[in-house]
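Okay, so here's the structure we're looking at.
Just so you know, all these numbers are worked out from the coordinates, no wet-lab data involved. It should be emphasised that the depicted structure is a prediction, and the values quoted were computed from it without experimental measurement. A quick note on method: Cβ atoms are made from the backbone with ideal geometry, for glycine too, and the neighbour counts reach across all protein chains shown.
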Amino acid sequence: MPFYSQIVEAYDQLFPLNMKQVEFVENAVGGNLAAKRIMDIGCGTGSLSIALARRSAAVRGFDYDREMVIKAEEKRPQALDLQFQEGDMKATAALYSNSMFDAVLCFGNTLVHLTSLDEVKAVFSNISKQILQGGKFLFQIINYDRILAENVDALPTIQTDKYNFVRNYIHRSDGNIDFETILSTGDEKIENTVPLLAVTQSQIVELLEPIFGDIKCYGGFDGSDWSKDTFHLVVEATK
């Protein structure tokens with residue numbers, strides 16, 4: 001996506017590694033990542049994948065954006081069992097074999113770049129085939145129950161020493177959202193708009209229930225309870 005290609009140099013400052021994500025994944029797979037096989041959907045510049053691989057997981061990360069993958073490759077330590085490639089979350093079967101992974105991750109509000117609930121359903125179905133029995137599908141999105149109910153029109157602005165990242169939500173008549181961003185550094189300003197699918201917690205659970213045996217919803221990577229007021233929706237689905 002052109003949006004992500006344009007912010008790739010700023011990405012690691014805007015979205016640094018969150019160690020709570022690492023701990024969440026580790027706990028979900030039994031407390032030890034050694035020899036666990038993990039798919040990282042929408043891996044971005046690879047920080048999470050690298051952190052998991054450093055804890056002895058075998059990680060296969062992919063991202064739709066070529067520039068993100070190039071940056072991830074630049075950061076990748078050679079000694080780890082870790083691979084990055086370009087890929088589409090709608091076509092994971094073309095990338096990896098069935099029954100290959102102990103866990104599949106999709107963090108960073110990646111899922112809502114799909115365009116319909118039918119696409120979400122198809123992605124869930126494909127992913128379930130690639131997870132081993134007893135394995136985990138772990139993903140996180142913004143809590144759109146709150147966004148829709150409160151008509152939230154912006155996410156908190158991210159400020160670093162070098163960058164200012166404004167994030168606006170424009171509510172559309174079809175119930176979805178246009179994600180308008182302004183990235184500023186010095187005299188340079190990059191503006192983008194990306195459509196997002198405003199999928200709710202109940203819709204997510206309804207799509208997961210036919211294919212996953214146990215579904216838990218959290219308000220954050222700390223395992224706190226989800227509610228319609230939490231900022232995040234974090235899901236742990238067990239096959």
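Here are a few things to note about the model shown:
- ³J(HN,Hα), Karplus 6.51/-1.76/1.60, whole Hz, each residue of the stretch 189-200, x for Gly, Pro: 9, 10, 10, 8, 9, 10, x, 10, 8, 7, 8, 9
- Which of Phe179, Phe15 has the fewest Cβ neighbours within 10 Å, and the rest in rising order: Phe15, Phe179
- Neighbourhood charge, 11 Å Cβ-Cβ cut-off, centred on Lys71 and excluding it, Lys, Arg +1 and Asp, Glu -1: -4
- Cβ charges +1 (Lys, Arg) and -1 (Asp, Glu), total dipole of the chain, debye: 760 debye
- With the convex hull drawn over the C-alpha atoms of the stretch 132-239, the volume per residue is 134 Å³.
- For the chain, adding -39500 (n - 2.57) for each run of n ≥ 4 DSSP H residues and dividing by the number of residues yields -8500 deg cm²/dmol at 222 nm.
- Net charge, Glu236 excluded, C-beta distance under 11 Å - Lys, Arg +1, Asp, Glu -1: +1
- Neighbour-count ranking [beta-carbon atoms within 10 angstrom, fewest first] of His113, His171: His171, His113
- Among the listed pairs Lys162/Lys228; Lys20/Lys129; Lys36/Lys162; Lys20/Lys121, those with a Cα-Cα distance over 32 Å are Lys162/Lys228; Lys36/Lys162.
- Panel order for Asp222, Asp40, by other beta carbons found within 10 Å of each beta carbon, from fewest to most: Asp222, Asp40.
- Per-residue packing, averaged as other Cβ atoms within 10 Å, sorts the ranges 17-24, 61-68, 183-190 into the order 61-68, 17-24, 183-190, beginning with the highest.
- For the pair the stretch 42-73 and the stretch 96-167, the centres of their Cα atoms are 16 angstrom apart.
- Over the stretch 146-196, Cα pairs under 8 Å with separation of 6+ residues give a relative contact order of 26 percent.
- Max-minus-min Cα coordinates of the stretch 34-89 on each principal axis give 29, 22, 13 Å, with the largest extent listed first.
- Rounded, prolate or oblate (a/c below 1.5 giving rounded, otherwise prolate when a/b exceeds b/c) for the stretch 146-196 by Cα gyration tensor: oblate
- Sequence-separation-based contact order of the stretch 8-159, relative, with Cα cut under 8 Å and 6+ spacing, percent: 22 percent
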